[in-house]
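S.K.: Take this structure first; my questions come after.
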Amino acid sequence: MSATGLGASVKRKEDIRFITGKGRYVDDLNRPGQAFAYFLRSPHAHATIEKIDTSEAMKSPGVAAVFTGDDIAADKVGGLICGWMIHSKDGSPMKAGAHPALAQGKVRYVGDHVAVVIADTLAQARDAAEKIDVQYTELPAVTDLATATKGTTIHDAAPDNTVYNWQLGDKAATDAAFASAAHVTKLDLVNNRLIPNAMEPRAAVGEYDSGTDTITLYTTSQNPHVARLVLSAFIGLAPENKLRVIAPDVGGGFGSKIFIYAEETICAWAAKKIDRPVKWTADRTESFLSDAHGRDHVTHAELATDANGKATAMRVHTIANLGAYLSTFASSVPTYLYAPLLSGQYAIPAIYCEVDGVYTTTAPVDAYRGAGRPEATFVVERLMEIAAREIGRDPAEFRRMNFVTSFPHQTPVIMAYDVGDYPAALDKALQLADYKGLPARKAASAAKGKLRGLGFSAYIEACGIAPSAAVGSLGAGVGLWESAEVRVNPIGTVEVLTGSHSHGQGHETTFAQLVSDRLGIPLDNVTIVHGDTDKVQMGMGTYGSRSGAVGMSAISKALDKIEAKAKKVAGHVLEAAEGDIEFKDGKFTVRGTDKSIDFGSVALQAYIAHKFNGQELEPGLKEGAFWDPTNFTFPSGVHVCELEIDPATGVVTIDRWTAVDDFGKLINPMIVEGQVHGGIAQGVGQALLEGARYTDDGQLVTASYMDYCMPRADDLPSYTVETVETPCPSNPLGIKGCGEAGAIASPPAVINAITDALGHEDIAMPATPQAVWRAAQKSKNLPKMAAE
């Protein structure tokens with residue numbers, strides 16, 4: 001292994017500009033003649049709009065324009081779309097209500113877009129917005145999932161506020177297995193609502209060039225080509241060849257920047273309307289109110305086991321909150337990104353799941369780091385933990401006896417697991433966590449007046465969000481392949497144009513490592529280009545841990561073509577048959593001789609072309625490729641959380657964290673470990689601290705960092721992070737994806753540890769100090785602790 005090649009922990013190339021303030025984000029961009037947009041948002045969760053009077057706002061200093069829903073309707077600007085069709089169990093299509101970029105006749109959540117003011121300065125736009133007179137007739141809010149189907153109708157298309165009643169699995173086989181079960185574990189749980197809180201708020205700058213009749217949109221997007229497709233083909237802003245979307249440096253996304261929002265739509269449309277650049281950057285309150293939220297499930301789940309402790313069936317019913325409108329991929333998250341993972345790492349013969357997706361008068365809910373997989377893992381791992389306790393089994397060994405051990409393995413809920421070694425990960429985790437020493441550590445904690453607990457989470461996820469044929473058959477509106485183009489310059493430097501997008505993942509380093517390793521050139525000779533639809537060929541973007549497994553596979557395929565072409569060039573130069581040319585460590589050699597030429601010289605000869613002699617070999621060295629995998633990838637692993645509870649205060653202190661993950665082949669172990677660290681932090685945040693809360697009348701009361709608690713450094717332990725390796729067979733690099741694993745594995749590990757310490761199973765996320773203190777007062781472990 002070279003110092004910069006595959007498997008090396010190379011420092012991130014891009015960090016130099018980020019830590020020195022040289023990153024270039026959307027808010028850093030200022031265009032000549034630029035105006036600023038300010039959105040007037042609904043103060044009501046649910047109301048009809050009786051009248052909007054913008055006349056006084058238009059008279060305000062510096063105001064260039066004020067637009068409402070009537071204006072975009074007059075210009076026939078289409079509504080925001082949901083790109084994944086889900087059918088109910090009766091075969092009917094989902095009930096998708098209209099989602100205009102500016103409200104038309106009705107608002108459906110606090111923060112809904114009512115009007116936009118465009119002015120010379122942001123302060124002028126904000127001041128003018130206060131002069132807009134909107135007359136509302138309030139309607140009852142719908143915020144409670146349990147009663148949402150009986151609430152006031154939010155969309156006429158869905159009279160009972162139900163988007164779909166969906167199912168997956170064999171109900172009859174599952175019911176039969178439960179009927180003959182020796183034991184049934186039952187669980188009611190809530191997967192709490194989260195707000196993404198990327199470091200960089202969303203932002204957009206729209207610019208129109210009347211000379212070429214083109215719109216350029218700078219936006220904080222994880223997938224600029226998909227944004228261009230939707231804005232062109234569905235919203236109708238401009239033909240694709242007249243619409244350029246640029247996503248420069250993006251400061252985190254976690255899924256929330258996948259989607260097409262109202263703000264960038266309006267900025268692009270308004271820029272042409274007033275023939276002037278229009279800029280908008282969210283403030284933090286706007287982000288809390290209007291960024292797509294995550295999770296928010298209410299679930300009843302059951303697990304059937306036989307007399308030997310083998311799981312025989314699972315059945316799950318989930319009510320999923322989709323918010324006020326269907327966001328871009330919202331419909332798929334609680335369905336095809338959720339239920340197919342309910343088998344976990346376990347050989348469960350029968351599974352049946354029903355999901356009711358419902359509208360509420362809250363912000364739209366869509367994919368958030370893990371997107372359906374964390375929700376599924378929380379159900380599975382809480383069930384497995386409680387079942388083990390109820391039937392008197394060690395939780396680690398109960399998991400082991402139910403693991404899938406033979407591959408490939410077809411689950412009863414779509415997925416075909418290709419490869420894995422779940423016992424190996426468990427064994428390594430038990431050793432690293434010193435599981436045998438837990439009783440002694442519990443006794444030591446009790447002696448200090450503390451409660452100690454340990455929780456497991458054996459997770460699996462489906463990553464890559466591909467192949468296209470599979471997702472297409474399940475309702476996806478687009479194919480989910482990826483693209484790459486490799487351009488070799490005459491002096492041997494390389495530019496890689498990738499359809500993936502980097503917003504914290506380290507692509508400029510890891511993608512360059514692949515090229516360096518394959519072509520034998522220095523890492524600094526490789527440049528990664530992404531995020532500009534005028535520079536980069538059509539690509540599908542970054543989400544679902546797909547950049548490595550799908551994006552890098554496309555690069556690898558293009559490099560195959562580069563190598564094949566370069567061998568032909570080398571053959572001409574060295575006057576040897578192409579089949580006699582060998583390539584290794586950046587050098588082309590004629591087999592069995594000392595005749596050779598380095599990669600840079602071959603690149604130059606490819607452009608000089610003097611040696612081709614008119615034969616059928618085109619000058620140049622540039623190749624493109626698309627990669628559409630044959631299966632999802634299936635990262636898996638075991639996380640172990642060990643913590644202490646102070647029953648006097650309810651404060652939870654995580655003492656140890658052990659993570660053993662199987663990500664297949666690792667490109668850069670340092671970056672992988674960083675992804676795991678970040679994911680665990682987000683999962684711990686969900687388990688202990690975070691939770692979006694609405695009042696009964698639909699007001700978001702956690703709309704700032706004063707009220708929405710984020711994890712901080714002192715909430716987190718030092719991690720022990722290790723891996724096992726089973727290379728993925730469905731891509732040429734053997735990699736599986738690592739970006740979401742920590743967020744998927746960690747919440748059940750924390751809650752399982754808390755309930756182990758408390759001695760009962762009835763605590764919900766977030767397990768705040770107040771909630772833990774109340775539970776601790778009822779703990780059966782307290783007398784034992786006092787006695788010791």
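The values are calculated or read from the model by the stated rules, or taken from the named source; none is laboratory data. Predicted model only: the values in this text are computed from it and were never measured. Glycine also receives a Cβ, built like all others from the backbone with ideal geometry; neighbour counts cover every protein chain displayed. Ligands, DNA and RNA are stripped out before the accessible areas are found, and what is left, the full protein with its side chains, is counted by its heavy atoms. Shrake-Rupley method; radii C 1.70, N 1.55, O 1.52, S 1.80 Å.
S.K.: If I take R0 = 60 Å and measure r between the Cβ atoms of T720 and D156 in this structure, what FRET efficiency does the formula 1/(1 + (r/R0)^6) give, to the nearest 0.05?
M.R.: Efficiency, rounded to the nearest 0.05: 0.65.
S.K.: Add +1 for every Lys or Arg and -1 for every Asp or Glu among the other residues with Cβ under 11 Å from the Cβ of T216, and state the total.
M.R.: Its environment carries a net charge of +1.
S.K.: Quick one: how many Å² of Y719 are accessible to a 1.4 Å probe, rounded to 10?
M.R.: 40
S.K.: What net charge do the residues around Y352 carry, taking every other residue with its C-beta under 14 Å from that of Y352, with Lys and Arg at +1 and Asp and Glu at -1?
M.R.: -1
S.K.: If you don't mind, there's one more thing I want to ask. Output the peptides 281-292, 308-319 sorted from most to least packed, where packing is the average of other Cβ atoms within 10 Å over each peptide's residues.
M.R.: Details: 281-292: 19.1, 308-319: 21.3.
Highest to lowest by the protection proxy: 308-319, 281-292.
S.K.: Still on this model: To the nearest 20 debye, what is the magnitude of the charge dipole of the chain about its Cα centre, counting +1 on the Cβ of each Lys and Arg and -1 on the Cβ of each Asp and Glu?
M.R.: Charge dipole, the chain, about its Cα centre: 760 debye, nearest 20.
S.K.: If each DSSP helix of 4+ residues adds -39,500 (n - 2.57) and the sum is divided by the residues in the chain, what number results at 222 nm, nearest 500 deg cm²/dmol? Working shown, then result.
M.R.: Working: 20 runs with 210 residues, N = 788.
After summing the helix terms and dividing by the residues of the chain, the value is -8000 deg cm²/dmol.
S.K.: If the chain between A648 and K76 were fully stretched, how many nm would it gain, using 0.36 nm times the residue separation less the Cα-Cα distance?
M.R.: 199.8 nm
S.K.: Would you mind getting me the FRET efficiency between D524 and D762? Use the beta-carbon distance for r and R0 = 56 Å, nearest 0.05.
M.R.: My answer for the efficiency is 0.50.
S.K.: For the stretch 364-501, what class follows from the C-alpha gyration tensor (a ≥ b ≥ c being the square roots of its eigenvalues): rounded when a/c is under 1.5, otherwise prolate if a/b is larger than b/c, else oblate?
M.R.: The shape class here is prolate.
S.K.: For the stretch 580-642, which whole-number percentage of the solvent-accessible area (1.4 Å probe, protein heavy atoms only) is attributable to carbon and sulfur atoms?
M.R.: Working: 1520 of 3290 Å².
After summing per-atom areas, the C and S share lands at 46 percent.
S.K.: Between L40 and residues 5 or more places away or on another chain, which pairs have amide H atoms under 5 Å apart, with H built 1.01 Å from N, and which residues are they?
M.R.: Residues meeting the criterion, in which the H sits 1.01 Å from N, are V114, A115, V116, V117.
S.K.: What's the FRET efficiency of D434 with A233 using the Cβ-Cβ distance as r and R₀ = 51 Å, to the nearest 0.05? Show your work: numbers first, answer last.
M.R.: Numbers: r = 56 Å, r/R0 = 1.11.
So the FRET efficiency works out to roughly 0.35.
S.K.: Once the whole set of protein chains is in place, how much accessible area is left on T593, using a 1.4 Å probe, in Å² to the nearest 10?
M.R.: 70
S.K.: Could you give the nm distance between label points at D15 and E50, where each point is 7 Å from its Cα heading toward the beta carbon?
M.R.: 5.9
S.K.: Putting +1 on Lys and Arg Cβ atoms and -1 on Asp and Glu Cβ atoms, find which of T212, C641, T265 reaches farthest to the positive end of the dipole of the chain.
M.R.: C641
S.K.: Can you tell me how much longer the chain between K310 and S473 gets when fully stretched, taken as 0.36 nm per residue apart minus their C-alpha distance, in nm with one decimal?
M.R.: 55.4 nm
S.K.: Another one. Relative to the Cα centre, what is the charge dipole magnitude of the stretch 481-627, using +1 at the beta carbon of each Lys and Arg, -1 at the beta carbon of each Asp and Glu, and rounding to the nearest 20 debye?
M.R.: Roughly 120 debye, rounded to the nearest 20.
S.K.: Here's a follow-up. Between K448 and R591, with labels modelled 7 Å along Cα→Cβ, what's the label distance in nm to one decimal, could you check?
M.R.: 6.6
S.K.: Ignoring everything but the protein chains, give the 1.4 Å probe accessible area of R591 in square angstrom, nearest 10.
M.R.: The value for R591 is about 120 Å².
S.K.: Quick check on the stretch 1-109: take the gyration tensor over C-alpha atoms, sort the square-rooted eigenvalues as a ≥ b ≥ c, and tell me if it's rounded (a/c under 1.5), prolate or oblate.
M.R.: oblate
S.K.: If you rank M401, M670 by how much accessible surface each has, with a 1.4 Å probe, what is the order from largest down? The partial results should precede the final answer.
M.R.: Values: M401 50, M670 80 Å².
Solvent-accessible surface, decreasing: M670, M401.
S.K.: Classify the stretch 441-512 as rounded, prolate or oblate from the Cα gyration tensor: take a ≥ b ≥ c as the square roots of its eigenvalues, call it rounded if a/c is under 1.5, otherwise prolate when a/b beats b/c and oblate if not.
M.R.: oblate
S.K.: I would also like to ask the following. Just tell me, in residue order, which DSSP H segments of the chain are both 20 angstrom or longer along the helix axis (alpha-carbon based) and at least 1.0 in mean Kyte-Doolittle hydropathy.
M.R.: For the chain, where a helix must reach 20 Å along its axis and average at least 1.0, the hits are 741-758.
S.K.: Which values of log₁₀ I(q)/I(0), to two decimal places, follow from the Debye formula for the stretch 481-627 at q = 0.09, 0.10, 0.13 Å⁻¹ with a uniform point scatterer at every Cα?
M.R.: Scattering profile of the stretch 481-627, log10 relative to I(0): -0.28, -0.35, -0.56.
S.K.: Which option, [x] 89, 84, 63; [y] 89, 77, 51; [z] 92, 72, 58, is the value of Cα extents along the principal axes in Å that was calculated from these coordinates?
M.R.: Comparing each candidate, only [y] matches the computed number.
S.K.: Determine ³J(HN,Hα), in whole Hz, for all residues of the stretch 480-486 in sequence, where each value follows from phi through the Karplus function 6.51 cos²θ - 1.76 cosθ + 1.60 and θ = phi - 60°; x replaces Gly and Pro.
M.R.: Calculated HN-Hα couplings, in order: 10, 7, 9, 10, 7, 9, 10 Hz.
S.K.: Which residue, A424, Q104, G739, has the largest displacement toward the positive end of the dipole of the chain when charges sit on each Cβ (Lys, Arg +1; Asp, Glu -1)?
M.R.: The residue sitting farthest along the positive end of the dipole is A424.
S.K.: Positive end of the charge dipole of the chain (Lys, Arg +1 and Asp, Glu -1 on Cβ, about the Cα centre): tell me which of G685, P224, V114 has its Cα farthest that way.
M.R.: My answer, from the dipole projection, is G685.
S.K.: Also, I was wondering about something else. How do T360, T405 rank by accessible surface area computed with a 1.4 Å probe, from largest to smallest?
M.R.: Ranking T360, T405 by accessible area, largest first, yields T405, T360.
S.K.: Set the bar at 27 Å for Cα to Cα. Now go through K242/K561; K13/K557; K565/K595; K568/K595 and name every pair that lies beyond it. Can you show the working numbers first?
M.R.: Numbers: K242/K561 32 Å; K13/K557 24 Å; K565/K595 19 Å; K568/K595 15 Å.
Over 27 Å Cα-Cα: K242/K561.
S.K.: Further question on the same structure: If you roll a 1.4 Å probe over the stretch 434-558 with all protein chains in place, what percent of the accessible area is carbon or sulfur?
M.R.: 54
S.K.: Modelled label-to-label distance, Y607 and K242, 7 Å Cα→beta-carbon offset: nm?
M.R.: Here the modelled spin labels are 3.6 nm apart.
S.K.: If you don't mind, there's one more thing I want to ask. Work out how much length E397 to T285 would gain on full extension: take 0.36 nm times their residue separation and subtract the Cα-Cα distance, in nm to one decimal.
M.R.: Contour length minus Cα-Cα distance gives 35.6 nm.
S.K.: Additional query: What net charge do the residues around A181 carry, taking every other residue with its C-beta under 13 Å from that of A181, with Lys and Arg at +1 and Asp and Glu at -1? Could the numbers behind the result be given before it?
M.R.: Details: positive: K186, K310, R315; negative: D175, E302, D306, E390.
Charge balance in the 13 Å sphere: -1.
S.K.: Continuing with the same structure: Under 8 Å for C-alpha pairs, at least 6 residues apart: give me the relative contact order for the chain, rounded to a whole percent.
M.R.: Relative contact order for the chain comes out at 15 percent.
S.K.: I'd like to check one number: the per residue accessible area of the chain, probe 1.4 Å, reported in Å² as a whole number.
M.R.: 36
S.K.: Roughly how many debye, to the nearest 20, is the charge dipole of the stretch 375-457 about its Cα centre, given +1 on each Lys and Arg Cβ, -1 on each Asp and Glu Cβ, and no other charges?
M.R.: 620
S.K.: How do I246, I351, I391 stack up against each other in accessible area, from largest to smallest, with a 1.4 angstrom probe?
M.R.: Sorted by accessible area, descending: I391, I246, I351.
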